[in-house]
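The values are calculated or read from the model by the stated rules, or taken from the named source; none is laboratory data. These numbers were taken from a predicted model, which means no experiment stands behind them. Cβ: placed from backbone, ideal geometry, glycine included. Neighbour counts: every protein chain shown. For the accessible areas, the whole protein counts, side chains as well, though only heavy atoms, and no ligand, DNA or RNA atoms are used. Shrake-Rupley method; radii C 1.70, N 1.55, O 1.52, S 1.80 Å.
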Amino acid sequence: MRKTLITGANGFIGSNLIPILLNNGDKVIAFSVEEPKYKIINDNIEYVIGDIRNEGLLLELLKDINVIYHLAALADVTLSYRDPNLYIDVNTVGTLSVCKASLESEVERLIVVSSAAVYGEPYYLPIDEKHPLRPKSPYAASKLGAEAVALSYYYSQGLPITIVRPFNTYGPNQGTNSVISTIINQAVAGKETIELGNVSVRRDFTYVSDLCNAIIHL
């Protein structure tokens, strides 16, 4: 039985990843900074409350862990302008803690989930991995910093790392401020006209279960 740990397990993507891993036969440690909103009753899952910056706790949890899915992050772009220090501390320094503990614990694979925000405004479409990186918010900068930290451990220490940059994920358990949730909520409320913001923006939407399945097959 493969043993996996998910940081940020209480979040949108993490909470959707858990049932897929359980259905695949994994034993899961769901690690989050707060009590789980979507708790699953299953003999093969353990919920742990804690902070990813707590390296001692991480080392305890990583005993015999095969794969880590690192999703823990502060993700509100607007709030990142109000408290950029906190975003750098949690998202970038927190990833450093995860990398250090992963290296010491000799995990087989660390999956670091970043964000398409690291690209900023596109020079061209569709964006590919060769597109320049130019983060436009403290949040985006903190995620790019997390990538750089992870890559430094790959190049210097050989830590087996894969970085994922999701684009516009949607689905169950998502917050109400996303565009898909906004459309659904207006429709459920019976509004005759759906009100949107900038309709000239082009986006590629990814259903959350498709993203989760992609991540676990890396």
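With the requirement that a residue be open to solvent by 60 Å² or more (accessible area, probe 1.4 Å) and out of contact with any helix residue (DSSP H, G or I) (no Cβ under 8 Å at 6 or more places or on another chain), what does the range 122-147 give you?
Those that are open to solvent by 60 Å² or more (accessible area, probe 1.4 Å) and out of contact with any helix residue (DSSP H, G or I) (no Cβ under 8 Å at 6 or more places or on another chain): Tyr123, Tyr124, Leu125, Pro126, Asp128, Glu129, Lys130.
Have a look at Leu58, Leu110, Leu62 and point out the one that is in contact with a Pro (Cβ under 7 Å, 6 or more places away or on another chain), without any contact (Cβ under 8 Å) to a residue 60 or more places away in the chain and open to solvent by less than 10 Å² (accessible area, probe 1.4 Å).
Values: Leu58 fails: in contact with a Pro (Cβ under 7 Å, 6 or more places away or on another chain); Leu62 fails: in contact with a Pro (Cβ under 7 Å, 6 or more places away or on another chain).
Of the residues listed, the single one that is in contact with a Pro (Cβ under 7 Å, 6 or more places away or on another chain), without any contact (Cβ under 8 Å) to a residue 60 or more places away in the chain and open to solvent by less than 10 Å² (accessible area, probe 1.4 Å) is Leu110.
From the list Thr182, Thr95, pick out the single residue that is open to solvent by less than 30 Å² (accessible area, probe 1.4 Å) and of a type in the set (S, T, N, Q).
Working: Thr182 fails: open to solvent by less than 30 Å² (accessible area, probe 1.4 Å).
Answer to the check: Thr95.
Residues Thr193, Thr182, Thr176: which one is under 28 Å from Ala9 (Cβ atoms) and part of a loop (DSSP other than H, G, I, E, B)? Lay out the reasoning, then the answer.
Details: Thr193 fails: under 28 Å from Ala9 (Cβ atoms); Thr182 fails: part of a loop (DSSP other than H, G, I, E, B).
Within the list Thr193, Thr182, Thr176, the selection yields Thr176.
So which residues in the range 84-107 are touching a residue at least 24 places away in the same chain (Cβ under 8 Å) and acidic (Asp, Glu), if there are any at all? Explain how you work it out, then say what you get.
Step one: of the range 84-107, the residues touching a residue at least 24 places away in the same chain (Cβ under 8 Å) are 84, 87-105, 107.
Hits for the range 84-107 are Asp89, Glu104.
For the range 1-43, how many residues are outside any helix (DSSP H, G or I) and in contact (Cβ under 8 Å) with a residue 12 or more places away in the chain? Even if it seems obvious, please write down each step before you answer.
Narrowing the range 1-43 to residues outside any helix (DSSP H, G or I): 1-11, 24-43.
Within this subset, residues satisfying the condition of being in contact (Cβ under 8 Å) with a residue 12 or more places away in the chain are 1-11, 24-38, 40, 42.
Total meeting the criteria: 28.
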